[in-house]
Amino acid sequence: MKKITYIILASLFALLFTGVVYIKRSEAAEFAFQDKYVLDEETTVNDNLYISGGSSVIEGTVNGDLFSMGGSITLNGTISGDVYLFGQDVIVGQKAQINGNLYLLGYKTQVSGLVSNNSTVIAYSMINTGITEGDLTTVSADSVISGDIFDDLRVVSSTSSVTGNVKGEAIMLAGTFDIDETKVGNKVYDKETINQIANIQNYDLNKKESSLGPKEVSWGVKLNSILIGFTGLLIAGTVLIFMAPHQTNSVIKKISGSSTELFKSLGIGCLVLFFSWVPILFLLISIVGIPLAGILIAALIFTIIFGGIWVELSIGKEVLELFKVKEYRPFKSFLIGRGVTTIIRLIPIIGGIYNFLVITVALGAFVRLKHEQFEKTNFQISKK
């Protein structure tokens with residue numbers, strides 16, 4: 001039954017990530033965890049490259065995917081696969097050549113290089129002067145796009161300026177924007193145009209059909225929120241993997257070690273979720289216990305919000321094992337788990353049940369781990 005479940009989950013994941021992330025059974029990786037990382041122009045990495053640090057400069061060649069997280073990131077090298085960049089200040093320079101897709105999340109971002117496929121940028125400030133041979137999708141407070149886009153442009157922004165050539169259509173969901181429509185190969189859709197289309201549909205179509213119009217528009221908003229949520233938790237999960245690898249692995253063992261471990265975590269999680277308010281209430285009433293109550297509430301909120309990361313890692317780990325990948329690979333596992341979660345949460349009713357199970361299992365696993373650590377500490381003290 002367990003294998004059938006994970007086959008279904010793997011299939012759902014494949015539907016979401018086809019063309020975005022793929023897994024090679026024999027794939028290796030190179031990791032770099034340091035404050036300052038530099039890949040010079042003459043250096044070639046023949047694996048996927050994962051970087052975490054204060055700053056990173058990539059000027060060499062990566063024959064695989066690039067994943068970099070840090071305060072500042074500068075890319076001027078050649079990447080044969082996909083690129084994932086998460087940082088405060090991110091620059092994809094003029095010399096950069098990305099032969100796959102670009103996924104970028106940052107505060108201040110600038111893309112001046114070549115992206116051979118699609119580009120997705122979420123940032124406070126976004127400047128694009130490069131060439132995008134696929135679609136460009138950006139969500140930002142302020143965006144300036146002067147580079148050429150060979151396919152469609154999708155902009156969600158407070159203010160936006162587009163002076164580059166767009167061969168496809170341009171969807172401009174911006175508060176204020178400036179675009180030269182003569183440089184757009186297809187049509188420009190702004191909020192007014194979309195509203196006009198919706199009004200025409202409501203006028204011409206019968207009552208049953210007209211109700212479909214607003215749903216299509218609302219799905220666009222949902223997709224934006226899904227993208228932001230997916231990326232936000234992706235970053236949080238990556239930080240958790242980097243900062244607390246042993247703690248994370250210990251929690252995962254309480255979830256995916258066996259079916260017994262899973263149901264133990266689920267049962268304890270239900271007890272904690274439904275009855276933890278009792279001791280917290282008594283601590284608050286006692287006044288003296290208010291600080292401890294605050295710590296418990298903070299721990300509870302943290303686990304509810306971020307505990308799903310552990311469950312998603314466990315799901316991804318099981319899927320990889322299903323495909324005979326014995327070595328535990330946290331980043332791949334987490335991407336798979338994120339994909340599965342994103343899809344299941346879109347399903348009415350089932351998505352709500354799934355959320356409840358994820359929260360309870362994560363709570364149970366965390367409480368069991370802390371209880372186990374507490375008992376070990378007491379045992380060591382008693383021996384002394």
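Laid out as a table, the results:
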read-out: Near pairs, Cβ below 6 angstrom, 6+ apart or cross-chain, from the stretch 335-355 (farther than 18 Å from LEU266 by Cβ) to any residue that is of a type in the set (Asp, Glu) and part of a helix (DSSP H, G or I); value: ARG338/GLU312
read-out: The one condition in (1) closer than 22 Å to ASN165 by Cα; (2) modelled with pLDDT of 90 or more that LEU75 fails to fulfil; value: (1)
read-out: Number of positions in the stretch 78-90 that are at pLDDT 95 or above and not hydroxyl-bearing (Ser, Thr, Tyr); value: 1
read-out: Residue within the stretch 149-161 that is closer than 26 Å to SER80 by Cα and surrounded by fewer than 16 Cβ atoms within 10 Å (Cβ to Cβ) present; value: no
read-out: The stretch 57-67, residues that are closer than 26 Å to TYR124 by Cβ and free of Cβ contacts under 8 Å to residues at least 24 places away in the same chain; value: VAL57, ILE58, LEU66
read-out: Residues being outside any loop (DSSP other than H, G, I, E, B), surrounded by fewer than 18 Cβ atoms within 10 Å (Cβ to Cβ) and more than 18 Å from the chain's Cα centre (by Cα) - total across the stretch 303-338; value: 2
read-out: Odd one out for GLY64 among (1) closer than 20 Å to THR132 by Cα; (2) not in a loop (DSSP other than H, G, I, E, B); value: (2)
read-out: Residue match in the stretch 259-278 (condition: in a helix (DSSP H, G or I), at pLDDT 80 or above, surrounded by 23 or more Cβ atoms within 10 Å (Cβ to Cβ) and not hydroxyl-bearing (Ser, Thr, Tyr)); value: yes
read-out: Flag for LYS332 being among the basic types (Lys, Arg), touching a residue at least 40 places away in the same chain (Cβ under 8 Å) and touching a Lys or Arg at 6+ places or on another chain (Cβ under 6 Å); value: no
read-out: Qualifying residue in the stretch 36-55 (condition: within 21 Å of the chain's Cα centre (by Cα), more than 28 Å from LYS324 (Cα to Cα) and part of a loop (DSSP other than H, G, I, E, B)); value: no
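For every residue, the table says whether it meets (1) closer than 30 Å to GLU30 by Cβ; (2) of a type in the set (A, V, I, L, M); (3) outside the structural domain of MET69 (by TED's automatic domain parsing); (4) at pLDDT 75 or above.
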| site | (1), (2), (3), (4) |
| --- | --- |
| LEU292 | no, yes, yes, no |
| PHE306 | yes, no, yes, no |
| TRP310 | yes, no, yes, yes |
| PHE323 | yes, no, yes, yes |
| LEU335 | yes, yes, yes, yes |
| ILE344 | no, yes, yes, yes |
| GLY351 | no, no, yes, yes |
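Every residue, every condition in (1) surrounded by 22 or more Cβ atoms within 10 Å (Cβ to Cβ); (2) in contact with a Gly (Cβ under 6 Å, 6 or more places away or on another chain); (3) within 20 Å of MET69 (Cα to Cα); (4) at pLDDT 95 or above, yes or no:
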site	(1), (2), (3), (4)
ILE98	yes, no, yes, yes
LEU102	yes, no, yes, no
THR109	yes, no, yes, no
VAL121	yes, no, yes, no
MET126	yes, no, yes, no
GLY134	no, no, no, no
SER140	yes, no, yes, no
ILE145	yes, yes, no, no
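The values are calculated or read from the model by the stated rules, or taken from the named source; none is laboratory data. Note that this is a predicted model, so its numbers are computed, not measured. Neighbour counts are summed over all protein chains in view; Cβ atoms, including those assigned to glycine, are modelled from backbone coordinates with ideal geometry.
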